[in-house]
Amino acid sequence: MKITIVIPVYNKADYLRPCVESLLQQDFNDFEIIAVDDGSTDQSGTICDDLASKYNSFHVFHTTNQGVTAARRYGVEQAKGRYVVFVDSDDALMPHALRTLYDKIEETHADEVVGTFCTQEGVQSPVVYKGEVVADTLIRQIITGKNRFPVLWAMIFRKEILQGCLDTPRDIIEGEDKLMQVKVLMKQPKVYFIPDCVYRYTLGLPNTRRRSLEREMLYDDILRQVLAPKWDNMKTAFTLHQLKEYEKFIHDGQYEVREAYYDDAIKTPLLPGGDGIGVPLYDRLVWMLPPTLGRPLIQLYRKIIQIKQHNL
């Protein structure tokens with residue numbers, strides 16, 4: 001088996017069939033689909049069972065709800081393919097995606113190949129990189145929130161490189177995909193970027209997840225441990241990550257987080273670090289302002305970013 005496609009499924013009954021249809025219509029034959037129904041309470045599990053009864057390449061596993069990372073890990077554990085592609089159940093693969101990704105990872109002998117994506121409205125993401133890119137560069141981009149490239153989907157992985165990278169606690173319900181990719185990149189894999197659009201991302205779905213300081217502190221602890229072998233080169237990037245998360249809390253009006261955590265966690269983010277990225281003026285300015293004054297600036301900045309992202 002050449003490729004295993006892993007789909008974590010949780011309450012996405014309205015999107016599941018179009019997602020799977022996009023996989024079954026690929027011009028590539030040697031692949032399997034593993035759907036992990038993570039304790040769905042809608043009709044997702046029934047739809048998966050129906051698809052499994054119709055298509056020999058489609059396999060479904062029903063588990064108790066353990067979160068998306070556990071679902072992906074379970075899918076990878078069942079995988080028979082040499083390579084793994086992750087697809088979210090509300091998204092889809094573009095035509096020829098599997099053939100494009102497989103041919104390139106075979107040609108380059110890379111550990112992961114990263115393509116581009118488009119939204120359901122047909123707006124395509126920018127081509128940020130082409131060819132081989134150093135893993136440390138990608139780590140900094142991801143943890144500082146500056147990545148304009150896919151983090152987990154729109155790519156193909158050599159299965160072995162995923163070993164030990166899918167163990168994020170279920171309490172982490174936001175940014176778990178970034179944490180997984182950082183763990184992969186800390187292994188210093190060969191990463192190759194292609195300009196081909198291979199994935200259709202469904203933009204604008206409602207997000208009911210509530211930010212929690214306890215979860216963010218746990219996330220920071222895990223990320224710090226992951227980055228520990230390269231801490232001298234990553235500590236400024238980590239500080240910028242903390243600043244960005246602080247700004248999200250202030251944007252939501254959770255001013256208490258500054259005294260409860262960030263005053264001690266961030267200290268003085270003024271000087272560039274050894275990794276060469278420094279801390280941008282905007283982030284330093286927001287940090288120096290009281291939360292009540294920083295919030296309007298953050299809201300304006302985020303509005304500008306949203307407009308840019310909408311137009312990609």
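The values are calculated or read from the model by the stated rules, or taken from the named source; none is laboratory data. It should be emphasised that the depicted structure is a prediction, and the values quoted were computed from it without experimental measurement. Because the Cβ atoms are built from the backbone with ideal geometry, glycine has one as well, and the counts that use them run over all protein chains shown. Quick note on the areas: whole protein, heavy atoms, side chains included, nothing else; ligands and nucleic acids left out. Shrake-Rupley method; radii C 1.70, N 1.55, O 1.52, S 1.80 Å.
For region 229-247, enumerate the residues that are open to solvent by 60 Å² or more (accessible area, probe 1.4 Å) and either over 14 Å from ILE142 (Cα atoms) or touching a Pro at 6+ places or on another chain (Cβ under 7 Å) (or both). Within region 229-247, PRO229, TRP231, ASP232, ASN233 qualify. For region 270-289: of the residues being at pLDDT 55 or above and open to solvent by less than 40 Å² (accessible area, probe 1.4 Å), which is farthest from MET234 (Cα to Cα)? Per the criteria, the residue is VAL286. Within region 124-151, restricting attention to residues that are closer than 21 Å to MET94 by Cβ and in contact with a helix residue (DSSP H, G or I) (Cβ under 7 Å, 6 or more places away or on another chain), the residue that is least open to solvent (accessible area, probe 1.4 Å) is VAL151.
Scan region 155-189 residue by residue and report those that are aliphatic (A, V, I, L, M) and either open to solvent by 50 Å² or more (accessible area, probe 1.4 Å) or over 10 Å from the mean Cα position of the chain (by Cα) (or both). Before you say what the answer is, go through the steps one by one.
First, pick out the residues of region 155-189 that are aliphatic (A, V, I, L, M): 155-156, 161-162, 166, 172-173, 179-180, 182, 184-186.
Result: MET155, ILE156, ILE161, LEU162, LEU166, ILE172, ILE173, VAL184, LEU185, MET186.
Residue count for region 237-269, restricted to those that are free of Cβ contacts under 8 Å to residues at least 12 places away in the same chain and not charged (D, E, K, R): 1. Selection of first residues in region 1-25 that are closer than 24 Å to ARG99 by Cβ and assigned to a helix (DSSP H, G or I) and of second residues that are open to solvent by 10 Å² or more (accessible area, probe 1.4 Å) and of a type in the set (Gly, Ala, Ser), restricted to Cβ pairs under 8 Å at least 6 apart or on distinct chains, gives the following pairs, ordered by first then second residue: LEU24/SER57. When ALA71, ALA52 are checked against the criterion of being outside any loop (DSSP other than H, G, I, E, B), aliphatic (A, V, I, L, M) and open to solvent by 10 Å² or more (accessible area, probe 1.4 Å), a single residue qualifies: ALA52.
Hey, does region 34-45 have a residue that's open to solvent by 20 Å² or more (accessible area, probe 1.4 Å) and either touching a Gly at 6+ places or on another chain (Cβ under 6 Å) or not in a loop (DSSP other than H, G, I, E, B) (or both)? Taking every residue of region 34-45 in turn, none turns out to be open to solvent by 20 Å² or more (accessible area, probe 1.4 Å) and either touching a Gly at 6+ places or on another chain (Cβ under 6 Å) or not in a loop (DSSP other than H, G, I, E, B) (or both).
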